[in-house]
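What follows is a set of notes on a single structure, which appears directly below.
Bear in mind these aren't lab numbers, they're just calculated from the coordinates by the rules spelled out. Computed from a predicted model, the values in this text were never measured in an experiment. Glycine also receives a Cβ, built like all others from the backbone with ideal geometry; neighbour counts cover every protein chain displayed.
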Amino acid sequence: MWRGLPLVLAATALCLPAQVLADEASPSEWLERMTTSLHAESYQGTFVLQRDDRIDTIRVVHVAEDGGYRERLETLTGAEREILRSVDRLSAIKGARGASGDGAQSPLGPAGAPVSLLQEHDLYSLDIQGLDRVAGYPCTLILARARDALRYSHRYCLHMDSALPLLSELYDPKGKLLERLAFTDLELSGEIAESELEPTTDQAEHIEVRADRGHKKPQWDDDNGLGGWKFGELPPGFQAVAATERSLGNGDEISRHFVLSDGLASVSVYVEPADGEKSFEGTTRAGATHAAARVMAGHQVTAVGDVPHVTVQQVLDAVYYQGAAGD
C-alpha cells in the first residue's frame, strides 16, 4: 500500500554483498536482539542526528548496568547542552526515556522499544535489506515498512555481533526522510571509567527514570486505571506498556507518566496538575516528534512521540478521567 519509500531503500540490497545465509536470523529476531543490546552493551562514541534541515553532532558515553543504563550526552555543535540520564531495567525495557529539563522529551541517543508487541499485529512489513558498514563496523540493514499512515517506517543498520543500532532512520508515509541517527565513531567497551559519566558543567541536565521509585501502583487496573486516569480507544497496534506516578512538592499533587507502544514507535503521555496561565492546549512539532496537549479535570495532559500528528492526537483524545477509587 505504501509505495512512497525512496527507491534507494528497495535497491540497497542490490548494491551490497548478498550474504544472507539460510540460518540467518529473521528481521523480528534482529529487532529483538537490538532491544537487548541497548540495555546490555556499554559504548562511547559520536553520532550525528539529522532532523529536517538541522544536523547535530553529539558525544555519548553509555554504560549498561543491572538491565538499565546510565549515560552522558554532550552536544558538539550548536547550543551547548549536556544531559546525564539514568534509566532502570523496567523503564528501559518498556521504552521509557524521561523528559529533559525543559519538559520536552529528549531525543538524544538510540531509543529502545518493546518489540515483542510486533507479534500481536502486522502493521509493519519487516525485511532484511543486506549488509553495510557504519562507523567502520559491518552491520545488517533492517527495514520495518509501515502499512498505514499512523506510524513511520523505520530502517536500522544493526552491528553484526551485538545488534546495536549504528544507524536508525524514520520515514513518513510518503517516503520522506524525517530523522537519521548515525554513529561516526564508536568504541564498544565492557568497562568505562566512572569519571566519563561525571558532568563537565554546572548546567548539566539530570534525568532519572525509575519505575520502582515514587509508585503508588506499579500497574493500573481495568476499573480505576492509574489514579482514575484511563485510555479509551487507542490507535491500532498501540497499547499501554508502562505507567509511573510521582509526588510533587509537598506530596499533595501527583504527576503521572504513561508509555504506549506498537513495538517500534512509542508515545509518552504526561498528566500533571494544570498551572493556570502556563497551561497549554494545541500541537507542536520538532522533526519526527509531534506533541499534542489539552487541559482536562484540572490537569495538563500531553502526548508526545516520534509518530505522525494524527497518532498523538488520537492518543490524547483517548485519555479520560473517571475519578480515582474512593473519590
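Bridgeable aspartates and glutamates around residue 230 (alpha carbons under 20 Å apart, same-chain partners fewer than 8 residues away excluded): 221, 222, 245, 253, 262, 272, 281, 317, 327. Remark: spin-label model distance residue 148-residue 46 equals 4.3 nm, labels positioned 7 Å along the Cα→Cβ axis.
Under the criterion of Cα pairs below 8 Å and six or more residues apart, the relative contact order for segment 229-321 equals 27 percent.
Once you have the Kirkwood Rh of segment 229-321 from its Cα pairs, apply Stokes-Einstein at 37 °C and 0.692 mPa s and quote D in µm²/s. Result for D is 245 µm²/s.
Spin-label pair residue 253-residue 197: with each label point 7 Å from Cα along the Cα-Cβ axis, the two points sit 3.2 nm from one another.
Ordering 292-301, 71-80, 259-268 by mean Cβ neighbour count within 10 Å, with the highest value first, yields 259-268, 292-301, 71-80. Here's the list of aspartates and glutamates a cross-link from residue 278 could span, going by alpha-carbon distance under 15 Å and ignoring same-chain residues fewer than 8 apart: 102. Sticking with the crude label model, points 7 Å out along Cα→Cβ, report the distance from residue 59 to residue 204 in nm, one decimal please. Simple spin-label model gives 1.2 nm for this pair. Protection proxy ranking of 306-316, 113-123, by the mean of other Cβ atoms within 10 Å over each peptide's residues and highest first, is 306-316, 113-123.
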